[in-house]
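Structure first, commentary second.
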Amino acid sequence: MMGQCLVIRHRLSQVTGGHSATVFPRAEVLLNKSRVQDALRMIGHRKDMNRYRSMMDFLFCEIFTDYRAGCFRYYEDEGPKLLELVSAQDLAECDALLVNILCVAVQMAAEAPKGLSWSMFTGSLTNRATYKVLT
């Protein structure tokens, strides 16, 4: 039983870091709030979040899927951090987009606490024109 408690604490402590460490400061502030974490976990409950080193990596890579392979290369010490791949301007724009995405996640989780899938969530983002793929 004690081992399970340690796993839960470890998961909660890994909200940020990994491939996207400290490049999205405004989004990280939101993601450190338990309400936002709970919303993201609820929406992504069928996704394998444990593949990622942090919730921020999960969010970024599952929204901007073109960067997923690079994230896993970084985990294997075979690729650079995101900071080395994307311009400062694009990172700032992405930070603002991730803030909006997290706000939508909290809103949608509150409105539809059951039956909300990741594809429904990302489809809603597309319909709201909330995000774009980084170039």
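Here, each number is a calculation from the coordinates, and none is a lab measurement. As the structure is a prediction and not an experimental result, all values here were calculated from the model.
Summary of values
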{"quantity": "Zero-based 5 Å bins, Cα pair distances in the range 13-127, whole percents", "calculated": "2, 12, 24, 26, 20, 11, 4, 1, 0"}
{"quantity": "Those aspartates and glutamates that a straight Cα-Cα span of less than 18 Å connects to K33, excepting residues fewer than 8 apart in one chain", "calculated": "D57, D95"}
